[in-house]
Amino acid sequence: MKPKHPSESLTILTDLVLPSETNPLNNLFGGELLARMDRAASIAARRHSRRIVVTASVNHVAFNRAIPLGAVVTIEAKVSRSFKSSMEIFIDVWVEDRESGFRTKANEAIYTFVAVDDTGRPVEVPPIEPETELEKQRFEAALRRKQLSLLLAGKIKPEDATELRALFV
Ligand SMILES: CC(C)(COP(=O)(O)OP(=O)(O)OC[C@H]1O[C@@H](n2cnc3c(N)ncnc32)[C@H](O)[C@@H]1OP(=O)(O)O)[C@@H](O)C(=O)NCCC(=O)NCCS
């Protein structure tokens, strides 16, 4: 399969925070942000694979900054690495200042999607070739994150998590 670049899967979703999407502190409800990130990540995974894709796991979410009611939120999702049938999607969340238009990074997350056929069986996806320095860093660390996710899900044994073991020797 012909390799693709992360930029080919770039997906940008910009939307407002409405009153029905907030918690009692008038900040964006965490579950709403998770759903928006899932949607953006799913489009990125589909753009990379051109297949049906399903969320396999949420590997990491950092709710670093609260996002207030009325804020303009931009979610950027890109495939950071593909394996056989799975794809790691890196998601950056930005909030735009109303007056200056300046964007501040509010949150980030990493999801894993799997490409499947019509019966839900995993199918192969194109390899990926990172281009920028950040894409290369995210690509390099993705195998480690995949092994950690599989280990936590009980899908591999600790002795098979070779990338994680390499961190401690
Ligand atoms: C995701 C799913 C397709 C994986 O199926 P499976 O039978 O476990 O298939 P496999 O073991 O062959 O795994 C397929 C790929 O997913 C990866 N994977 C599975 N679970 C994973 C996890 N928790 N973290 C990271 N990767 C995972 C495997 O490593 C494998 O990757 P690779 O092919 O790139 O090496 C299946 O579990 C599924 O359909 N889950 C439900 C998905 C869904 O409905 N999501 C929405 C939730 S509401």
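The values are calculated or read from the model by the stated rules, or taken from the named source; none is laboratory data. Source: prediction; values computed, not measured. Neighbour counts are summed over all protein chains in view; Cβ atoms, including those assigned to glycine, are modelled from backbone coordinates with ideal geometry.
Give 80, 57 a once-over and let me know the one that is under 30 Å from residue 120 (Cα atoms), of a type in the set (S, T, N, Q) and more than 9 Å from the ligand (Cβ to nearest atom).
One residue alone meets the criteria, 80.
Of the residues in the range 116-131, how many are outside any loop (DSSP other than H, G, I, E, B) and under 12 Å from residue 48 (Cα atoms)?
Residues flagged as outside any loop (DSSP other than H, G, I, E, B) and under 12 Å from residue 48 (Cα atoms) within the range 116-131 amount to 1.
Give the residue, chosen from 146, 105, 136, 155, that is in a strand (DSSP E or B), basic (Lys, Arg) and farther than 20 Å from residue 43 by Cβ.
Testing whether each residue is in a strand (DSSP E or B), basic (Lys, Arg) and farther than 20 Å from residue 43 by Cβ leaves just 105.
Is there a residue in the range 124-132 that is within 15 Å of residue 4 (Cβ to Cβ), surrounded by 22 or more Cβ atoms within 10 Å (Cβ to Cβ), within 16 Å of the ligand (Cβ to nearest atom) and modelled with pLDDT of 95 or more?
Yes, the range 124-132 has at least one match.
Would you be able to tell me the number of residues in the range 30-66 that are more than 12 Å from the chain's Cα centre (by Cα), closer than 20 Å to residue 104 by Cα, surrounded by 16 or more Cβ atoms within 10 Å (Cβ to Cβ) and without any contact (Cβ under 8 Å) to a residue 40 or more places away in the chain?
Residues in the range 30-66 being more than 12 Å from the chain's Cα centre (by Cα), closer than 20 Å to residue 104 by Cα, surrounded by 16 or more Cβ atoms within 10 Å (Cβ to Cβ) and without any contact (Cβ under 8 Å) to a residue 40 or more places away in the chain: 1 in total.
Does residue 112 count as farther than 17 Å from residue 15 by Cβ and either surrounded by 19 or more Cβ atoms within 10 Å (Cβ to Cβ) or within 16 Å of the ligand (Cβ to nearest atom) (or both)?
So residue 112 fits the description; yes.
In the range 83-96, which residue that is more than 16 Å from the ligand (Cβ to nearest atom) and β-branched (Val, Ile, Thr) is nearest to the chain's Cα centre (by Cα)?
Step by step, filter the range 83-96, then rank; the result is 93.
Among the listed residues 144, 121, 165, which satisfies the condition of being within 11 Å of the ligand (Cβ to nearest atom) and either under 22 Å from residue 35 (Cβ atoms) or without any contact (Cβ under 8 Å) to a residue 24 or more places away in the chain (or both)?
Going through 144, 121, 165 in turn, just one is within 11 Å of the ligand (Cβ to nearest atom) and either under 22 Å from residue 35 (Cβ atoms) or without any contact (Cβ under 8 Å) to a residue 24 or more places away in the chain (or both): 121.
Give the range 44-87 a look and list any residue that's part of a loop (DSSP other than H, G, I, E, B) and not basic (Lys, Arg), or say none.
63, 64, 66, 67, 69, 70, 71, 83, 85
What number of residues in the range 58-111 are closer than 30 Å to residue 153 by Cα and of a type in the set (Val, Ile, Thr)?
Residues that pass the stated criteria total 8.
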